[in-house]
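Before any comments, here is the structure.
Any read-out appearing in this document is the output of simple, stated calculations on the displayed coordinates, not a laboratory observation. Predicted, not measured: the structure shown is a model, and the values here were computed from it. Cβ: placed from backbone, ideal geometry, glycine included. Neighbour counts: every protein chain shown.
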Ligand code: BV8
């Protein structure tokens with residue numbers, strides 16, 4: 001057993017004493033499951049694009065087959081990966097801490113697969129497609145048709161419009177209820193764990209700052225040293241799959 005750092009002991013004590021906890025996750029919590037993060041360079045057909053260029057309504061309208069093929073390739077990958085020890089530790093936390101709110105920026109279902117319920121998805125889900133025109137939910141074919149290439153999106157059975165992924169693209173508003181619940185939880189918690197997020201994408205990235213402003217302690221779990229400027233910020237430097245199981 002690795003000798004526990006003072007920070008690990010500090011955070012474990014904080015977790016034991018906290019009444020209301022927020023766990024806020026980003027792509028890094030799924031990295032050890034083999035899901036590329038948004039900062040990892042894209043591969044294959046999409047290698048010459050940045051995720052930011054593809055995750056927009058404009059990109060979808062400009063080239064629906066390129067963008068739909070990317071999402072179906074990501075969805076297919078998710079059918080082949082499993083939750084990692086970080087997802088499982090968070091599910092245990094959720095079972096132990098009376099008031100724990102789990103908020104994710106991720107569009108995968110690995111928290112749910114690890115047993116977490118409910119999960120607040122700020123950026124939607126790869127498994128919830130809808131019509132781009134009439135917004136009706138659409139059933140997705142299983143397994144995904146994409147073989148890592150261009151793939152024409154299906155047509156909506158109701159209006160014939162193009163089916164799009166059920167995710168929030170850049171330039172689109174976040175789901176109102178999810179955002180309001182997330183902001184309220186961050187402003188009301190004693191402890192916020194920010195796990196595997198680069199803190200770049202707005203407005204989700206405001207959550208740690210809201211918690212600090214409300215007097216909470218914020219713990220960053222990240223291999224990169226996150227800004228620990230505030231006296232109530234703690235950095236657990238390392239991989240979530242190795243660090244989180246030490247806390248529960
Ligand atoms: C909106 C779904 C308004 C799609 C995603 C204010 C200032 C500047 C810009 C803006 C602003 N407000 C809005 C904007 C524009 C934009 C934005 O934030 N741009 C950024 C880039 C500056 N925001 C928006 O457009 C948002 N919409 O504000 O709309 C509006 C309002 C009303 C009406 C109309 C419009 C929408 C943002 C949502 C975009 N969609 N996802 C898809 O998945 O394809 S966001 C996408 O990127 C991901 O979902 C993810 O959330 C995000 C990347 O963030 P991270 O999760 O942090 O992942 P990342 O790869 O960056 O980092 C991984 C981290 O993990 C790293 O730190 C790494 O060190 C760490 N790590 C790696 N391995 C591990 C690890 N940690 C632990 N353990 C490990 N093993």
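Express the relative contact order of the chain as a whole percentage, based on alpha carbon pairs under 8 Å and six or more residues apart in sequence.
Reported as a whole number, the value is 25 percent.
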Highest-first arrangement of 207-217, 132-142, 234-244, where packing means the average Cβ count within 10 Å: 234-244, 207-217, 132-142
Contact order normalised by residue count of the range 163-219, Cα under 8 Å, 6+ apart, percent: 37 percent
The chain: angle of helix 85-96 to the longest principal axis, Cα-based, in degrees nearest 10: 60 degrees
Order by protection proxy (mean Cβ within 10 Å, highest first), peptides 155-161, 20-26, 117-123, 84-90: 20-26, 84-90, 117-123, 155-161
For the chain, calculated [θ]222 nm from helices alone, where every DSSP H run of n ≥ 4 adds -39500 (n - 2.57): -8500 deg cm²/dmol
Beta bridges by DSSP in the chain, antiparallel share as percent, to the nearest 5: 25 percent
Between 0 and 90°, nearest 10: helix 64-78 axis offset from the chain longest Cα axis: 50 degrees
Angle in degrees between helix 6-17 and the longest Cα principal axis of the chain, rounded to the nearest 10: 90 degrees
DSSP-defined beta bridges in the range 102-248 - what % are antiparallel, rounded to 5: 35 percent
The range 57-178: relative contact order as a whole-number percent, Cα under 8 Å and 6+ apart: 30 percent
